[in-house]
Every structure is written in structure tokens, then in C-alpha cells.
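S.K.: This is the structure I have questions about; it appears just below.
The values are calculated or read from the model by the stated rules, or taken from the named source; none is laboratory data. Keep in mind it's a predicted model, so treat the numbers as computed, not measured. Please note: Cβ atoms are built from the backbone with ideal geometry, for glycine as well, and neighbour counts cover all protein chains shown. These accessible areas exclude ligands, DNA and RNA; they are computed on the full protein's heavy atoms, side chains included. Shrake-Rupley method; radii C 1.70, N 1.55, O 1.52, S 1.80 Å.
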Amino acid sequence: VDPITPMLEILGNISPQERVYIQYVCKPFRPESFKNGQLVRKEGPSWEKGVHKIINDMMKRDEKGDALKNENAAADSPFTEMLFSRLTDGERKLIEIMERNASKYAYDTGIRWMYLAKKGHFNGDNISPVIRSFSQWDIIGRNAVGARWRTDAGYKDFFPNLKKQIDGWKKQEHSEYKRRLYFNKSRNDGTKIFTAEELASLWHLPGKVALTPSLGRIESARSEAPSNLPIGQ
């Protein structure tokens, strides 16, 4: 099943008085450096190094990719001098995925979605399905997607004086949505690294396998170029 199909089904049930906006803010990854606009002395690490470090740790290898020595091996045993990792099928697949993605273009990515409704048409039952639609990518040990900053949480139930602050958060998110900006609000919802392949699985133009009866499909059409189209001499 196309991963975008469950999300389309949810969007297809939204009434004309409601709006659901899903936004992906992406920019090409660049290591932090003074040259790139960050106030740092040395250039920050590249994201691929972190990937290879995880792989080496799983494979019990050093930074150069060589096997680690077994310090507990007997002195007269030449066959147990090195440590060898016995990987499960899941670990092998995880390493294969990480190695494949390490060779692809990477992007700093922030994901935001908003639910808005006209007064008297708010339906809180439409919030949880959108959150669950992202959970299909939450595979343990991989680049999971989940809500880390929410303005609909019941803060006012515990702190009644926060109502104005919560309203301010909502207006701020709406303003940043329109300006296509993304900031870390809770020290836990900063941008994440996604490769072009991972982004393509999150969002793409749905094929005809994604059928949603409540959403119509606009077929593309070809036409001749205008007769008055300027051409170079």
C-alpha cells in the first residue's frame, strides 16, 4: 500500500469548514561553520560520520573500519584475536539501509501540520488520525517521525494562567507556517536529517493506486504553445 494513502483518506474526510495543512520545511544539509553563517570556530561534523560511527559500533569496528581486538582472548589462540559481531537479520537490514542513505543527498527537515476550523465546526476527532498517519514511519531504530511540540495539549488544565501564552503559541506557529520558517520550540523538536529517498517516502505525488473517493483527481492536459510566445532571435 502506498504510504501516502492513509493520509489522503484522512484529508478526504475534512469538511469545507475545516483545514488541515501539512508542511515540510527542507534545506540542503551543510556542516556548521563560520563560512556557512554559524558562530563557530571549527567546522561541525558531517552527518555521514555519525552514520558510519553507528555502523562501526554495531560491527565492533574502529573508526578506520578495522575489527577491534579481543582483549579477553587467550594468548595462544590466533582465532579469537579479533572481535566479530553476530548480527541479526534486522540489524543487517538496518545497516544496509544506513549505508544506502549515506550516499544520498541529505536535507535538514522540519515537519509541521496544523488543524484549523471555523467557529462552531471544530472537530477534535480529526487531530489524532493525522498524528497516527505519521506513525507508519515510526520503526524502532530508524529515523522515526512523531509529534514533539504541540499547542493543543492540555496545559491550561494544569496551568490556567497559560491560556494567553497558548494562544500566542498558536498564532506564532501560524505565522511561521505562512513564512515557511521552522524553529526548535522545546529543545526536542529541532530539524532532523532526511535523505532524498526518505523524503520521497514521506511526500510524493500519489499514483493511481491511492484512490480516495472523496477527493477528485485532476488529470493533466497538454496543449499547444501560445502563438504569441516570445522566441529568441
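S.K.: Give the number of residues within the range 118-138 that are open to solvent by 40 Å² or more (accessible area, probe 1.4 Å) and either modelled with pLDDT of 85 or more or out of contact with any helix residue (DSSP H, G or I) (no Cβ under 9 Å at 6 or more places or on another chain) (or both).
M.R.: Qualifying residue count, the range 118-138: 11.
S.K.: Within the range 84-120, how many residues turn out to be closer than 30 Å to residue 170 by Cα and hydroxyl-bearing (Ser, Thr, Tyr)?
M.R.: 3
S.K.: Let me confirm something: among 177, 155, which residue is out of contact with any Asp or Glu (no Cβ under 9 Å at 6 or more places or on another chain) and modelled with pLDDT under 80?
M.R.: Step by step, each of 177, 155 is checked, and only 155 is out of contact with any Asp or Glu (no Cβ under 9 Å at 6 or more places or on another chain) and modelled with pLDDT under 80.
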